[in-house]
């Protein structure tokens, strides 16, 4: 809940407890990277999904969260044919 509240604040450009914004300095700690989308990311996560139980569990949680709102399966997108999904911004952005 605190994470979502913090993300909402960042999105609105408002201050929030536990949220720091501004330029990062060397050794500053955790960062969020929002790379956008592009062909260089096709297949990203597929191998990790198959070999890391923690990542696979997180994907299961994300899939359940997305399920009521989308007509596709997160796991299917990650393990299926990249070409099928690349043209669908409504799919590749949340994935």
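The values are calculated or read from the model by the stated rules, or taken from the named source; none is laboratory data. Only a predicted model underlies this, so the values are computations on that prediction, with no experimental measurement involved. Glycine also receives a Cβ, built like all others from the backbone with ideal geometry; neighbour counts cover every protein chain displayed.
So, restricting to helices (runs of 4 or more DSSP H) that lie completely within the range 53-95, which ones have at least 1 residues that are over 15 Å from the mean Cα position of the chain (by Cα) and modelled with pLDDT of 90 or more?
Numbers: elements: 53-66, 74-79, 82-86, 89-92.
In the range 53-95, the matching helices (runs of 4 or more DSSP H) lie at 53-66.
Which ones in the range 26-52 are surrounded by 12 or more Cβ atoms within 10 Å (Cβ to Cβ) and modelled with pLDDT of 65 or more?
44, 45, 46, 48, 49, 52
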